[in-house]
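Down below is the structure, laid out as structure tokens.
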Amino acid sequence: QQAMEQEGKTILQHLQEQGYEAYFVGGCVRDKVLGRSIKDFDIATSALPEQVMASFPRIVPTGLQHGTVTVIMKHGAYEVTTFRAESQYEDHRRPQEVTYISSLTQDLRRRDFTINAMAMNQDGEIFDPFGGREDLAAGLLRCVGEAEERFGEDALRMLRCLRFASVYGLEVESQTWQALLRQAPLLRHVAMERVRSELQSMLAGPAPAQALRLLLASRLWQHFKRQLSLPFEMWLAQPAALDAVGALEEHRTRWALLLLLLEMPTDVVRSALQELTFSRADTDAVAGVLALYEQLARQLLPDAAAAPADLEPRQLSRLWKVAAVAHGLQPARDLLQVLRVLLPSYDAAQAASDSVLARFMHDAASLLAEHGSTWLEEMPCSTLKELAVNGSDLVQALDRPAGPWIGQMLYWLLEQVALGELLNDRTSLLLAIAEADPKLYS
Ligand code: ATP
Ligand code: MG
């Protein structure tokens, strides 16, 4: 980071030597003021993009329509953007076209929040015309200028507001918050990809529970372009469980925990993730955890009204292994992590409620948290690929025409091996096949 800052300063200097103004701007100045680690050093300059391109040997024209040129140096890449104004906002989104200007202050004025509207020169002097430092010191997140107007220009700023407030532990200044509440319906103009990306950043931050509280308090989620039919209010009823999400490292386990708390069927959650434009892989990873939990809960608590039966570890280990084979080792490991961080927030009183999750936490979760990983490690194999026989072996051994029975039989063998009932070698498996009751696979 030191090297990058130094290199960034060389860029500032080089532009200045040619008679242009140049400053670090935006997130890097904010993080510098806070003494935080800096991701990337963005630069603003009075030089036009062509002039920037002519000044450095290695450049990539990454965003010419916005006046941005990326300068490639030894230690990193630097976005150099010409001072600009954003005048014509269309449909409550930032414009495609921009106007170049010559004033740093005017460039800072178009930025979203005071803490993001500071600049720094190569001597480390800070230019802060909108009081960003003061707001940071007071722990406030405030729009530059008239908040209602700023959210009206670009509705995405409302989600950015929740993100910066939660990630930096700031309180949203009251005028800004009031404006956000009024402008919330404009969020319908924002593409779901951008909504998802902001949500992901919020939830990846140090205070995901706070981000969700802000999301609920502002009711922004009700104004997403695509409706998500999930009962998000349920989070508010489980504050301790909601707070537990911050203890998880991985994005997918954070999402899995949060969605688990909503106690909705996996396919409903899956559709919501699709509406949110989650990638196929992310959707599968999160839904896999929920599906595995759903299978266990259905088997362990078949009757919602019945008193929980005494749970035998041996019985649970079998259900667990079968479920892990069905849904995969990664979802199983993820579920264990989720259960471990959730456990302290559930108590016996909740188990008496009609929440399936609360009863699951009470009956099965601590056994799983304790033994679940060992049970997974005990399994000699967990996927069809690892099985010592394949489909054509079955066709040969039984002399039957190929058909859906092959998949069923392989899967049955896999379960038996995973449970330790059969050895995973060709001879034992072929013997088991010959002796197996055809009902198992027809
Ligand atoms: P991060 O650490 O998340 O990258 P950042 O402040 O660098 O935070 P970016 O999205 O990278 O955020 O944007 C860089 C700068 O551009 C911001 O600091 C802000 O000044 C300005 N900016 C970005 N998006 C907007 C927007 N939607 N409206 C107004 N200004 C914006
Ligand atoms: Mg940035």
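For SER382, only one of the following conditions fails: (1) surrounded by 12 or more Cβ atoms within 10 Å (Cβ to Cβ); (2) part of a helix (DSSP H, G or I); (3) among the small types (Gly, Ala, Ser); (4) modelled with pLDDT under 95. What is its number?
Among (1) surrounded by 12 or more Cβ atoms within 10 Å (Cβ to Cβ); (2) part of a helix (DSSP H, G or I); (3) among the small types (Gly, Ala, Ser); (4) modelled with pLDDT under 95, the lone unmet condition for SER382 is (2).
Could you tell me which numbered condition VAL69 fails, if it satisfies all but one of (1) of a type in the set (Val, Ile, Thr); (2) touching a Lys or Arg at 6+ places or on another chain (Cβ under 7 Å); (3) surrounded by 14 or more Cβ atoms within 10 Å (Cβ to Cβ); (4) over 30 Å from LEU170 (Cβ atoms)?
For VAL69, the failing item is (2).
Do any residues in region 11-32 that are within 9 Å of ALA47 (Cβ to Cβ) have Cβ atoms under 6 Å from those of residues that are more than 12 Å from ligand 1 (Cβ to nearest atom) and not in a helix (DSSP H, G or I), where the two are at least six apart or on different chains, and which pairs are they?
LEU15/ALA22; LEU15/THR45; LEU15/ALA47; TYR20/THR45; TYR20/SER46; TYR20/ALA47; GLU21/SER46; ALA22/THR45
Which of the residues belonging to region 92-132 are among the hydroxyl-bearing types (Ser, Thr, Tyr) and crowded, with 21+ Cβ neighbours inside 10 Å?
THR114
Search region 23-46 for residues being of a type in the set (Gly, Ala, Ser) and under 35 Å from the mean Cα position of the chain (by Cα), and hand back the single one that is farthest from LEU136 (Cα to Cα).
Within region 23-46, the match that is farthest from LEU136 (Cα to Cα) is ALA44.
Of the conditions (1) among the basic types (Lys, Arg); (2) modelled with pLDDT of 95 or more; (3) not assigned by TED's automatic domain parsing to the domain that holds LEU260, ARG400 fails just one. Which one is it?
Of everything listed in (1) among the basic types (Lys, Arg); (2) modelled with pLDDT of 95 or more; (3) not assigned by TED's automatic domain parsing to the domain that holds LEU260, ARG400 misses just condition (2).
Starting from residues that are polar (S, T, N, Q) and within 13 Å of ligand 1 (Cβ to nearest atom), keep the ones in region 107-142 and report whichever is farthest from LYS32 (Cα to Cα).
First pass over region 107-142, keeping only residues polar (S, T, N, Q): 114, 116, 121-122.
From what's left, within 13 Å of ligand 1 (Cβ to nearest atom): 114, 116.
Details: THR114: 15, ASN116: 11 Å.
Filtering first and then ranking leaves THR114.
If you take the residues of region 28-52 that are among the small types (Gly, Ala, Ser) and surrounded by fewer than 18 Cβ atoms within 10 Å (Cβ to Cβ), which of them is nearest to ligand 2 (Cβ to nearest atom)?
The qualifying residue nearest to ligand 2 (Cβ to nearest atom) is SER37.
Is it the case that GLY8 is at pLDDT 95 or above, within 14 Å of ligand 2 (Cβ to nearest atom) and not in a strand (DSSP E or B)?
yes
Hey, can you tell me all the residues within region 385-417 that are in contact (Cβ under 8 Å) with a residue 24 or more places away in the chain and not in a helix (DSSP H, G or I)?
Result: LEU387, ALA388, VAL389.
Hey, could you check region 125-149 for residues that are touching a residue at least 40 places away in the same chain (Cβ under 8 Å) and of a type outside the set (A, V, I, L, M, F, W, C) and say which is nearest to ligand 2 (Cβ to nearest atom)?
Among those residues, the one meeting the criterion is GLY132.
Quick one: is TYR89 buried (at least 21 other Cβ atoms within 10 Å of the Cβ), among the aromatic types (Phe, Trp, Tyr) and touching a residue at least 12 places away in the same chain (Cβ under 8 Å)?
For TYR89, the condition - buried (at least 21 other Cβ atoms within 10 Å of the Cβ), among the aromatic types (Phe, Trp, Tyr) and touching a residue at least 12 places away in the same chain (Cβ under 8 Å) - is not met.
Among residues belonging to region 143-186 that are touching a His at 6+ places or on another chain (Cβ under 8 Å) and within 11 Å of ligand 1 (Cβ to nearest atom), point out the one that is farthest from SER37 (Cα to Cα).
The residue in question is GLU153.
Here is a list of conditions, (1) away from ligand 1 (no atom under 16 Å from the Cβ); (2) under 31 Å from the mean Cα position of the chain (by Cα); (3) of a type outside the set (Ser, Thr, Tyr), and GLY67 meets all of them except one; can you say which number that is?
Result: GLY67 fails condition (1) only.
Checking ASN121 against (1) away from ligand 2 (no atom under 16 Å from the Cβ); (2) in contact with a Ser or Thr (Cβ under 6 Å, 6 or more places away or on another chain); (3) farther than 28 Å from ALA209 by Cβ, which single condition isn't satisfied?
Looking at each condition in turn, ASN121 falls short on (2).
Which residues, taken from region 18-41, are part of a loop (DSSP other than H, G, I, E, B), on the phi < 0 side of the Ramachandran plot and not basic (Lys, Arg)? Can you show your working first?
At the first step, the residues of region 18-41 found to be part of a loop (DSSP other than H, G, I, E, B) are 18-21, 26, 35-41.
Remaining after also requiring on the phi < 0 side of the Ramachandran plot: 18, 20-21, 36-41.
Answer for region 18-41, where residues must be part of a loop (DSSP other than H, G, I, E, B), on the phi < 0 side of the Ramachandran plot and not basic (Lys, Arg): GLN18, TYR20, GLU21, SER37, ILE38, ASP40, PHE41.
Within region 162-175, how many residues are more than 16 Å from ligand 2 (Cβ to nearest atom) and either closer than 19 Å to LEU203 by Cβ or buried (at least 19 other Cβ atoms within 10 Å of the Cβ) (or both)?
Number of matching residues: 7.
The values are calculated or read from the model by the stated rules, or taken from the named source; none is laboratory data. None of the values given here were measured: they were computed from a predicted structure. Using ideal geometry, Cβ is built from the backbone for each residue, glycine included, and neighbour counts are taken over all protein chains shown.
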